[in-house]
C-alpha cells in the first residue's frame, strides 16, 4: 500500500504573504513535466517560513505532488533548496528500504498510477481532488530494489540530458539577449510599422473536418505563451494543406516571430519550423530584418510596452499599436550582431527539438519498464540511440 512507501504530509491550507526573495513557497505551478520549476515559485520571509514548516520541511528526494486541481503532477525535491509546501501540495518522504526515490517519481508519473489517480478523483464544484486520508490504502506493486535502481538510471539518463540541454539553452538565450541589447543601445530607434509588416493570423472553420487534424502546424496563443524558451517547435492542433490554401491561416517560415494580441497580450515566440497561427496573434516574417534581430526587436518592444502600462489595461494590440512600438534601426551594423546571436539561438532551437525526442523516448519507455514488458538492458540500448 501507499502507506508502506513512507510518510505523507500536506501543506498549509492557506496562503502566506509573498515577498520578492527568501525561502521558496512551492505551489502546483512549480510542478512541470516531472520537475520542480522554481521560476514558478513564490518566496516567503524567514518568519513565514518557520510558520509554514511546523508540520514538515521539504527535504531532498521527497516526492512532491498535487492533490487538488492539477492532479497527477509530481517532482522530486532537489538538494540544497530551502522551501515550504504551498496550498494543494503534499509530499511523500520515501522509505528508502522499500522504494528508490527517483523510481517513485517515475512510478507516480506512469500511466498505470495516473489511471489510479483518475479512478480515485473526487470531482467537486470548484476543484477536483484526491483524498490524502485514503491515499495510504491505495495498492502499490513495486519491483525489487535492484530493478528500481536500474529503471531509475535508464529513465534518469534521459531526464538528466533534458536538464543539461535546458540549462545550456537558458545560458545561450540570455547571452544572445545580452549581445542584442548591447548592440541596440548605440543605434537609433524607429517605429515597427516603418520596417515590419504585421500579418494577422486566422482560424479555419472548425465545422469543416477537411481543415483540421492535418500535418501542418497551427499555433494558438496558448502555444505561443507555453513555448519552451519562446521557441515554437510543435503545436497542440494541426491543420491541413486545404485549410492553408482556402483560409487566412497562412504559414510563416521558420525564423518568423509571433506576438499575441489578445488575452495574454504581448507574449512573443519565434518559429523554429513553419507554422500558421490564429487571429489572436500577429506574425512578422524575417524579410527586412534577419531572424535573430527580428526576434529580440519584437520581444523588447513588447516588454517595453508592458512596462509602460504600469498596471493599467493593456488588453489588446491592433495595427495602430505598431506605429508606437519602436525597435532598433541597426542598418549595416546589424549583420555583425546577427552573426553573433544566430548560433546561440540555433543552439536553443536544436536543444528544444532534442529534448522533445528525449521526452518522447522516456514517455514511451516508462510504461514498458514499469510493467516489465521491456527489460532494462533492452531499454539501455534504445536510450543509446537517441543520446
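Whether any residue in the range 42-62 is surrounded by 14 or more Cβ atoms within 10 Å (Cβ to Cβ), modelled with pLDDT of 85 or more and within 20 Å of the chain's Cα centre (by Cα) is what I want to check.
yes
What do you reckon, is residue 166 in contact with a helix residue (DSSP H, G or I) (Cβ under 8 Å, 6 or more places away or on another chain) and surrounded by 13 or more Cβ atoms within 10 Å (Cβ to Cβ)? Before you say what the answer is, go through the steps one by one.
On the way: in contact with a helix residue (DSSP H, G or I) (Cβ under 8 Å, 6 or more places away or on another chain): yes; surrounded by 13 or more Cβ atoms within 10 Å (Cβ to Cβ): yes.
Considered against the rule, which asks whether it is in contact with a helix residue (DSSP H, G or I) (Cβ under 8 Å, 6 or more places away or on another chain) and surrounded by 13 or more Cβ atoms within 10 Å (Cβ to Cβ), residue 166 comes out as yes.
Condition first: free of Cβ contacts under 8 Å to residues at least 60 places away in the same chain, more than 29 Å from residue 273 (Cβ to Cβ) and more than 25 Å from the chain's Cα centre (by Cα). Can you find one or more residues in the range 335-358 that meet it?
no
Does the range 283-307 hold any residues that are over 20 Å from residue 329 (Cβ atoms) and at pLDDT below 95, and which are they? Spell out how you get there, then give the answer.
From the range 283-307, those over 20 Å from residue 329 (Cβ atoms) are 283, 306-307; that's our starting set.
Of everything in the range 283-307, those that are over 20 Å from residue 329 (Cβ atoms) and at pLDDT below 95 turn out to be 306, 307.
Please state which of the following conditions residue 206 fails to meet, knowing it meets all the rest: (1) surrounded by 13 or more Cβ atoms within 10 Å (Cβ to Cβ); (2) within 22 Å of residue 275 (Cα to Cα).
(1)
For the range 17-41, what are the residues that are touching a residue at least 40 places away in the same chain (Cβ under 8 Å) and over 17 Å from the mean Cα position of the chain (by Cα)?
23, 24, 25
What are the residues in the range 14-32 that are surrounded by 15 or more Cβ atoms within 10 Å (Cβ to Cβ) and either within 22 Å of residue 68 (Cβ to Cβ) or not assigned by TED's automatic domain parsing to the domain that holds residue 109 (or both), if any? Quick ask: steps written out before the conclusion?
Going through the range 14-32, the residues surrounded by 15 or more Cβ atoms within 10 Å (Cβ to Cβ) turn out to be 16, 22-31.
16, 24, 25, 26, 27, 28, 29, 30, 31, listed by residue number.
Just checking, which of 221, 157, 215 is exposed (fewer than 13 other Cβ atoms within 10 Å of the Cβ), closer than 29 Å to residue 351 by Cα and under 29 Å from the mean Cα position of the chain (by Cα)?
Values: 221 fails: exposed (fewer than 13 other Cβ atoms within 10 Å of the Cβ); 157 fails: exposed (fewer than 13 other Cβ atoms within 10 Å of the Cβ).
Just one listed residue meets the conditions, 215.
Could you list, in sequence order, all residues of the range 1-24 that are assigned to a strand (DSSP E or B) and in contact with a helix residue (DSSP H, G or I) (Cβ under 7 Å, 6 or more places away or on another chain)? Step through it out loud before you land on a result.
First pass over the range 1-24, keeping only residues assigned to a strand (DSSP E or B): 6-10, 19-24.
Listed by number, the residues that qualify are 8, 22, 23, 24.
Does at least one position in the range 125-136 carry a residue that is in the same structural domain as residue 74 (by TED's automatic domain parsing), assigned to a helix (DSSP H, G or I) and touching a residue at least 24 places away in the same chain (Cβ under 8 Å)? Steps first, please.
Just the residues of the range 125-136 that are in the same structural domain as residue 74 (by TED's automatic domain parsing), to begin with: 125-136.
With the extra rule that they be assigned to a helix (DSSP H, G or I), the set shrinks to 135-136.
Retained after the next criterion (residues that are touching a residue at least 24 places away in the same chain (Cβ under 8 Å)): 135-136.
Yes.
Here are some residues: 80, 72. Which one is in the same structural domain as residue 131 (by TED's automatic domain parsing) and either touching a helix residue (DSSP H, G or I) at 6+ places or on another chain (Cβ under 6 Å) or on the phi < 0 side of the Ramachandran plot (or both)?
On the way: 80 fails: either touching a helix residue (DSSP H, G or I) at 6+ places or on another chain (Cβ under 6 Å) or on the phi < 0 side of the Ramachandran plot (or both).
After applying the criteria, what remains is 72.
Only residues that are within 23 Å of the chain's Cα centre (by Cα) and outside any strand (DSSP E or B): list them for the range 224-252, please.
Selection gives 224, 225, 226, 227, 228, 229, 230, 233, 234, 235, 236.
Quick one: is residue 214 touching a strand residue (DSSP E or B) at 6+ places or on another chain (Cβ under 6 Å), outside the structural domain of residue 355 (by TED's automatic domain parsing) and touching a residue at least 12 places away in the same chain (Cβ under 8 Å)? Let's see the steps before the verdict.
Values: touching a strand residue (DSSP E or B) at 6+ places or on another chain (Cβ under 6 Å): yes; outside the structural domain of residue 355 (by TED's automatic domain parsing): yes; touching a residue at least 12 places away in the same chain (Cβ under 8 Å): yes.
When the stated conditions are applied, residue 214 passes them.
The values are calculated or read from the model by the stated rules, or taken from the named source; none is laboratory data. For clarity, every value in this text was computed on a predicted model and none was experimentally measured. Neighbour counts run over all protein chains shown; Cβ positions are idealised from the backbone, glycine included.
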